[in-house]
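Trainee: Can you read through this structure? Questions will come right after.
Computed from the coordinates by the stated procedures, all read-outs in this text should not be read as laboratory data. Just so you know, these numbers come straight off a predicted model, no measurement behind them. Please note: Cβ atoms are built from the backbone with ideal geometry, for glycine as well, and neighbour counts cover all protein chains shown.
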Amino acid sequence: MSQTGVSRRADVVLFDLDGTLIDSAPDLAATVNHMRLTRGLTEVDYPRLRARVGSGARGMLLEAFDKKPGDADYETMRQEFMTLYAERLLDTTRVFEAMEPVLQTLESQGVRWGIVTNKNARMAEHIAQGLGLHVRHAVLIGGDTTPHAKPHPAPLLEAARRIGVDPLQCVYVGDDERDVLAGRAAGMATLAAAWGYLGVGESVHAWGADAVLESPSGLLQWLAMP
């Protein structure tokens, strides 16, 4: 049994999107660097931006321009970022290579899987469709699907409701501490994806997840699947 009392062989696996299921950092980084170049500034090194991807536009603008919510021009810059990013959602974004065989194994074993992300639903659905995931996932919940985004448990609880399972039958996999907080608050087992973006805060091992997965294949081992 896990720390949350959930059987390791979960009925449903829910994934965060960016940094867990897909590698979208190059497109997000390219967007904010385009904004810098149009202002006559040099590009920010990719590793610095990659670490901030989990915070979306807020993280990109903080790292690239030292802008944060509440600053006078923050909202205008955020809107500019979102407009530019919408034009390049799938330029280089792909499912993590090591994740594809994991999804195939889950599907072959009859384990349903879904996506719960803080990305707005419209963008998340567009990406899922572009990558062919829309015909495979059991549910997709965006950051604006419910009145609350992660770390609030509402998006995860809504995913379980739509699939028709008890949250205790689900496991949530994510690469940010808020994913662990949301999953635990929803009563789900939580797994931290160490291959993801991870942010710039505490170590992934300090988040309190039921387990830290070094690679996607670790999920199958945790689920005790062949």
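Trainee: At 7 Å along the Cα-to-beta-carbon direction for both SER108 and HIS137, put a label point, then send me their distance in nm to one decimal.
Mentor: Simple spin-label model gives 2.3 nm for this pair.
Trainee: Then there is this: What nm value, rounded to one decimal, do you get for the distance between GLU100 and HIS148 when each label is placed 7 Å out toward the C-beta?
Mentor: Distance between label points: 3.8 nm.
Trainee: A further question on this structure: In terms of modelled amide H atoms, which long-range or inter-chain residues lie less than 5 Å from the amide H of LEU140?
Mentor: ILE115
Trainee: Could you tell me whether the stretch 25-86 comes out rounded, prolate or oblate from its Cα gyration tensor? Rule is a ≥ b ≥ c as square roots of the eigenvalues, rounded for a/c under 1.5, then prolate if a/b exceeds b/c, otherwise oblate. Numbers along the way, then the final one.
Mentor: On the way: a/c = 1.38, a/b = 1.21, b/c = 1.14.
It is rounded, given that a/c, with a ≥ b ≥ c, falls under 1.5.
Trainee: What distance in nm separates the two pseudo spin-label positions at TYR46 and SER215, each 7 Å out from Cα along the beta-carbon direction?
Mentor: Rounded to a tenth, the inter-label distance reads 2.1 nm.
Trainee: In addition: Got the relative contact order for the chain handy, in percent, Cα pairs under 8 Å and 6 or more residues apart?
Mentor: 25 percent
Trainee: Let me ask something additional. For a quick protection proxy, order the peptides 113-125, 145-157, 65-77, 198-210 by their average other-Cβ count within 10 Å, most packed first. Kindly include the intermediate steps, with their values, before the conclusion.
Mentor: Details: 113-125: 21.5, 145-157: 19.5, 65-77: 12.7, 198-210: 15.9.
Listed from highest to lowest mean packing, they are 113-125, 145-157, 198-210, 65-77.
Trainee: At a threshold of 8 angstrom on Cα-Cα distance, excluding pairs fewer than six apart, so keeping six or more, what relative contact order does the stretch 27-123 reach in percent?
Mentor: Details: 64 pairs, mean separation 26.0, N = 97.
Relative contact order here is 27 percent.
Trainee: Take the alpha carbon gyration tensor of the chain, find the square roots of its eigenvalues, order them as a ≥ b ≥ c, and report rounded if a/c is under 1.5; if not, report prolate when a/b exceeds b/c, else oblate.
Mentor: Details: a/c = 1.83, a/b = 1.74, b/c = 1.05.
Cα axes put the chain in the prolate bin.
Trainee: I'd like the FRET efficiency for ARG39 and THR92, computed as 1/(1 + (r/R0)^6) with the beta carbon distance as r and R0 of 25 Å, rounded to 0.05. Present the calculation step by step, with values, prior to reporting the outcome.
Mentor: Details: r = 23 Å, r/R0 = 0.92.
Result of the calculation: an efficiency of 0.65.
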